[in-house]
Amino acid sequence: MDARLARIAPAPAGNSFAEALLMGFARTPKEIACKYFYDETGSRLFDRICDLPEYYQTRTERALLQRYAPEIAALMGPDVEIVEFGAGSLRKVRPLLDRLKNPRAYTPVDISGDHLADMVRTLAADYAGLVVRPLVADFTLPMTIPTLLGRPRRAGFFTGSTIGNFKPDAAVALLRRMRSMLDGGGLLVGVDLVKDPGRLHAAYNDTAGITAAFNKNLLVRANRELGADFDPDAFAHYAPYNASARRIEMYLVSLRRQSVTVGDQRFEFAQGEPVHTEDSYKYTTESFREMAARAGFSPRAVWTDPERLLSIHWLES
Ligand code: TRP
């Protein structure tokens with residue numbers, strides 16, 4: 001396996017971390033887009049979040065994928081190319097790869113190139129003979145995935161409840177774009193469900209403080225990459241559940257009045273001022289199926305665990 005990474009669609013203007021941060025800080029409330037969490041350190045911290053006792057999502061999704069892989073593989077059919085959006089550590093797709101009949105290729109797409117390179121090496125070693133073609137790309141931007149010889153049918157794989165990190169309108173737009181990237185193929189999506197708010201709150205406020213470190217890593221990253229001078233200890237991780245909007249909202253809250261320099265610009269933070277860093281929307285199985293239909297998909301199967309913590313949907317084009 002050649003683990004060299006193809007970089008497609010270089011970031012257009014307004015999409016570098018520097019530009020995004022300066023644009024986000026010009027807003028009220030200030031904000032930083034959540035895709036910038038995933039530098040090398042952030043990706044590693046996120047892998048630790050996935051193993052936290054409070055973070056039920058990864059475990060539950062893994063169990064579901066393991067349990068229903070034969071059914072999912074049958075729905076996807078033989079000879080498919082799996083396209084994984086936001087592939088992360090490439091661990092989740094394995095039960096499916098194990099069950100698919102004659103998979104033609106596996107195309108993991110991820111924004112974090114270094115992390116992807118490491119992970120691809122591990123996966124390729126375990127699946128000798130599988131064509132693996134990692135793409136370093138931001139799947140939220142328009143892109144075309146180069147067609148493989150023989151034009152195998154595509155099946156998308158989009159797990160981790162990442163769809164919940166987009167506002168509903170943006171989520172519909174993203175699903176639409178994925179539909180066109182998949183060229184008429186179906187999409188498997190993992191979606192976190194509405195549930196006891198206490199349980200949701202705990203998942204984003206772990207006692208070990210890993211989620212807080214992950215959130216604050218945005219500031220550490222800005223210091224390193226943009227020459228900013230944030231004091232990460234002068235900000236608090238704050239992640240309440242907004243029940244009316246059915247979403248976790250994540251913030252970094254300035255603990256004191258302070259000014260911070262980013263490049264040649266200075267930003268003032270009032271005491272208690274929030275910087276919005278992420279939303280994580282929760283759905284019912286029905287509300288997500290409606291959303292998928294709005295994006296032009298035909299929702300087919302849906303699987304959930306006995307506690308109904310999380311759902312996995314198979315959508316056809
Ligand atoms: N898609 C994940 C979610 O919304 C991402 C995530 C989990 C996350 N925990 C986080 C993002 C903590 C930022 C901080 O659950």
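Label the range 57-102 by shape, choosing from rounded, prolate and oblate, from the square roots a ≥ b ≥ c of the eigenvalues of the Cα gyration tensor; if a/c is under 1.5 it is rounded, and otherwise prolate applies when a/b is larger than b/c, oblate when it is not.
On the way: a/c = 2.36, a/b = 1.31, b/c = 1.80.
Since a/c reaches 1.5 but b/c is at least a/b, the shape of the range 57-102 is classed as oblate.
Sorting 155-162, 299-306, 58-65 by their mean Cβ neighbour count within 10 Å, with the most densely packed peptide first, gives 155-162, 58-65, 299-306.
Straight-line cross-link partners of Lys216 among the lysines, defined as a Cα under 25 Å from its Cα and at least 8 positions apart when in the same chain: Lys30, Lys35, Lys167, Lys282. Taking a ≥ b ≥ c as the square roots of the Cα gyration tensor eigenvalues, with a/c under 1.5 meaning rounded and otherwise prolate when a/b beats b/c, else oblate, which class fits the range 101-146? Here the range 101-146 falls in the oblate category.
The charge dipole of the range 90-229, taken about its Cα centre with unit charges on the Cβ atoms of Lys, Arg (+1), Asp and Glu (-1) only, comes to about 640 debye.
Starting from 0.36 nm per residue, how many nanometres of slack lie between Ala243 and Thr261 once their C-alpha separation is accounted for?
Additional length available on full extension: 2.9 nm.
Computed on the chain, with alpha-carbon pairs under 8 angstrom and 6+ residues apart, the relative contact order is 20 percent.
Ranked by the mean number of other Cβ atoms within 10 Å per residue, highest first, peptides 42-48, 253-259, 97-103, 216-222 order as 216-222, 42-48, 97-103, 253-259.
Highest mean first, how do 170-180, 21-31 rank when packing is the count of other Cβ atoms within 10 Å averaged over residues? Intermediate values should be presented prior to the final figure.
Details: 170-180: 17.6, 21-31: 15.3.
So the peptides 170-180, 21-31, ranked by packing, come out 170-180, 21-31.
Adding -39500 (n - 2.57) for every DSSP H run of four residues or longer, then dividing by how many residues the chain holds, sets the calculated 222 nm ellipticity at -10500 deg cm²/dmol.
Take the Cα of Glu286, step 7 Å toward its Cβ, do the same at Gln271, and the gap between the two points is 4.8 nm.
Stretched out straight at 0.36 nm per residue, the stretch from Ala18 to Leu148 would grow longer than its current Cα-Cα span by 43.3 nm. On a per residue basis, the chain carries 44 Å² of accessible surface, using protein heavy atoms and a 1.4 Å probe.
Taking 0.36 nm per residue of sequence separation and subtracting the Cα-Cα distance, how much length would be gained by fully extending the chain between Val220 and Ala301, in nm to one decimal? Provide the component values of the computation, followed by the final result.
Values: separation 81, 0.36 × 81 = 29.16 nm, distance 4.20 nm.
Using 0.36 nm per residue and subtracting the Cα-Cα distance, I get 25.0 nm.
The values are calculated or read from the model by the stated rules, or taken from the named source; none is laboratory data. This one's a predicted model, so the numbers in the text were calculated from it and none came from an experiment. A quick note on method: Cβ atoms are made from the backbone with ideal geometry, for glycine too, and the neighbour counts reach across all protein chains shown. SASA here: full protein model, heavy atoms, side chains in, ligands and nucleic acids out. Shrake-Rupley method; radii C 1.70, N 1.55, O 1.52, S 1.80 Å.
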